[in-house]
């Protein structure tokens, strides 16, 4: 079932997918507040497990669902976009070439994630440059 493009899952696989989705959402719900409203989230762990076990479709969908809690936390949709793109990017390149997931995730943050944070937080949201840099670094590490 690994990286299978099939959308229909066996009942036990679907149950595991639901459990990982729930754990991912809870990982974002039970955040670790660092300072000045900067939160460390844990939902991406479950999302990357889904990416690895279920592939691009389910990984991206679960990334969207899990990251949706960031709208409640921060009252804007930009983190949802960034984290969903992260899951899609990693799943896409993991499927094409069995690369190291940590390398692919790091590549995403260097090439796409940090620039998106700069665009959304630095240009669209009224956040000072220093705050946008802190958020970009935190999200890349997260």
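Nothing in this text is a laboratory measurement; each read-out follows from the coordinates by a stated rule. Because the structure is a prediction, the values reported are computed rather than measured. As a convention, Cβ positions derive from the backbone with ideal geometry for all residues, glycine included, and neighbour counts pool all protein chains shown.
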Item to check | Per-peptide average of other Cβ atoms within 10 Å, ordering 12-18, 95-101, 22-28 highest first | outcome: 22-28, 12-18, 95-101
Checklist entry - Rounded to the nearest 500, what is the chain's calculated 222 nm mean residue ellipticity when only DSSP H runs of at least 4 contribute -39500 (n - 2.57) each, over all residues? => result -20000 deg cm²/dmol
Checklist outcome for this item: With the stretch 46-130 reduced to its Cα atoms and the Debye formula applied, log10 I(q)/I(0) at q = 0.13 1/Å amounts to -0.42
Checklist outcome for this item: Using the Cα gyration tensor of the chain, the equivalent ellipsoid's semi-axes, largest first and to the nearest Å, work out to 27, 17, 11
